[in-house]
Ligand code: FAD
């Protein structure tokens, strides 16, 4: 069987290696338009401060290592520019040349690209960066060689917070601008407040309920909605991502929510023998059953393995995602799983919220630190809707347990057990 995979990072490479484990004789080709495959997207911000000191440690695998260990044909600098679903052929561009290759099964894992809002003056700005891959990181590092002093991070989601921390640790004075009323919008306000306090304690200026409406002086000045002007030597734009769907759209694949590729529970798109996984697909928010875009590495990796199972003939269904996520901001960790109070209100679901403050381990034993947990559940059935946690240590463990409880359909009445 000839299998072609588009995109050689989280979902794509997980699919490739799992396919090899399941189908020893398959011909597996991975086309990646960028220079690197299987790199550590999640680690990129930590290279900015030097916490990850060695650039090579971000490059988890190479085409050579993947050939040697898994007999995969991995081709960086190869962009798939067209799919012909009827003929089962892709057209690939490499080094200015184009060629075609046929497939029996095609897996798309093209990911998501940074969302670039329309802001006056952005095109003329010379100091505004986004971060998605290693070339983006290289551009950022080159710009930081000029020793900028003032940095602005627009958007205080996961990547924005990580960049704010790492730029601060590099010695820049950082201002965060967030459109929502608080940083880390996936969390509820009172939980995100701990993170905001930690940012302030570490010298980060935080401006909320404001967005950038104009760049002046080639990006050196950022104008906010309220007219406030902030000077910036270096700006990171991290206001979310959108599915990389151009190839799928041109091939006539059905798209859904915000342009995400529609797949069924077997990861099949609307075209025969074309599958899709990762940030580019629309998934079901498992708790509400609603369509969602969940751009996280673990679901992408899991979906990559599952699509391999499906292609190899194993029974495996995508049951959806609950969006469990975690981030560190300086000395504090914030994590969440399932629905937030805000999303429950928006969905008009009846809920109760419970807050618990305690220590991460027994208080008498040295080193115990504070932790606050929030649990959201249905007061009638006890169904667990979601949880959030903030603290210095042990938050990951609590949220992992609650995420497992949600997946396993445990209720609040099971938790005391
Ligand atoms: P990707 O891993 O993005 O891979 C898609 C690849 O497809 C890209 O390399 C792209 O070049 C290639 N491609 C696209 N179109 C074509 C084409 N036509 N031809 C050939 N190749 C193509 N998630 C977490 O869970 N935790 C984190 O801490 C975290 N931190 C992150 C930090 C940063 C800076 C970034 C950018 C992302 C982070 N993520 C994190 C998100 C995570 O990296 C993604 O959810 C995950 O990589 C998605 O996997 P994917 O396979 O869908 O797409």
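Listed from fewest to most Cβ neighbours within 10 Å, the set 94, 355, 78 follows the order 355, 94, 78. Between residue 314 and residue 136, the distance separating the two model label sites (each 7 Å from Cα on the Cα→Cβ line) works out to 3.2 nm.
Segment 79-237: D in µm²/s via Stokes-Einstein (Kirkwood Rh, Cα pairs, 37 °C, 0.692 mPa s)?
184
Mean projected area of the Cα convex hull of segment 265-373, taken over all directions, amounts to 10.1 nm². Principal axis extents of the C-alpha atoms in segment 12-113 (largest first, rounded to whole Å): 49, 32, 22.
Our analysis of the chain gives Rg over Rh at 0.98, with the two radii drawn from alpha carbon positions and Rh computed by the Kirkwood formula. Largest GNM mean-square fluctuation across 119, 332, 261, computed for the chain with C-alpha springs under 10 Å, falls on 119. Relative to the current alpha-carbon distance between residue 1 and residue 291, full extension at 0.36 nm per residue lengthens the span by 101.2 nm. Neighbour counts of other Cβ atoms within 10 Å put 244, 165, 51, 24 in the fewest-to-most order 24, 51, 244, 165.
Residue order for 267, 103, fewest other beta carbons within 10 angstrom first, comes to 103, 267. Between residue 149 and residue 201, what's the calculated FRET efficiency when r is the beta-carbon distance and R0 is 22 Å? Round to 0.05. Computed FRET efficiency for residue 149 and residue 201: 0.60. When the Gaussian network model of the chain links Cα atoms closer than 10 Å, the mean-square fluctuations of 80, 183, 282 top out at 80.
Note on residue 193/residue 250: beta-carbon distance plugged into 1/(1 + (r/R0)^6) with R0 of 60 Å gives a FRET efficiency of 0.85.
We did not get these values from a lab; they are worked out from the coordinates using the rules stated. On a predicted model such as this, the values are computed, not experimentally measured, just so you know. Methodologically, a virtual Cβ is constructed for each residue, glycine included, from the backbone with ideal geometry; neighbour enumeration extends over all protein chains shown.
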